[in-house]
1. Do you know which residues across region 30-65 are touching a residue at least 40 places away in the same chain (Cβ under 8 Å), more than 12 Å from Q100 (Cβ to Cβ) and in a helix (DSSP H, G or I)?
2. With the structure loaded, tell me whether A27 is out of contact with any Cys (no Cβ under 6 Å at 6 or more places or on another chain), surrounded by 10 or more Cβ atoms within 10 Å (Cβ to Cβ), at pLDDT 95 or above and within 18 Å of A99 (Cβ to Cβ) or whether it fails that test.
3. Could we say that A88 is surrounded by fewer than 17 Cβ atoms within 10 Å (Cβ to Cβ) and within 15 Å of the chain's Cα centre (by Cα) here?
4. Limited to region 66-96, what total is found for residues that are in a loop (DSSP other than H, G, I, E, B) and not polar (S, T, N, Q)?
Amino acid sequence: MKRLLAAALLCAPLLAQAAPDGLALAAKYNCLACHQVDKKVVGPAYKDVAAKYRNDKTAEAKLAAKVKQGTVGAWGQIPMPAQQIGDADLKLIVQWILAQK
C-alpha cells in the first residue's frame, strides 16, 4: 500500500503537466484567432464573457451550446460559426473562460 501511494505521489506532477489547460485547448482549436483573454478582437474578450456570466448558474451549458451551434447577436452582429470541438475539450475550455477575472 505504501509503495502504491508513493508511486501515485511521484506521478502526480507528471499527470498535472499532461492535462491540457483551457488556454492551450483554445489555441489548439484556433479560438484565439477571434478571441483574446483581455481584449476584444473579432469576438469578445474572454474576461468580458466571464464577467457577463459570472452569476449565471447555467453559464457553462449556455456557452458550450453557443460554441457548438454558433451564435450571433449576443456581442454584436458578427456571427460566430459552429465549432467542432469534442465535449471533453469544450468543457475544459468553457470552464477556463468562466474562470477569467
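The values are calculated or read from the model by the stated rules, or taken from the named source; none is laboratory data. Here the structure is a predicted model, which is why all the values come from computation and not from measurement. As a convention, Cβ positions derive from the backbone with ideal geometry for all residues, glycine included, and neighbour counts pool all protein chains shown.
1. C31
2. yes
3. yes
4. Total satisfying the criteria: 12.
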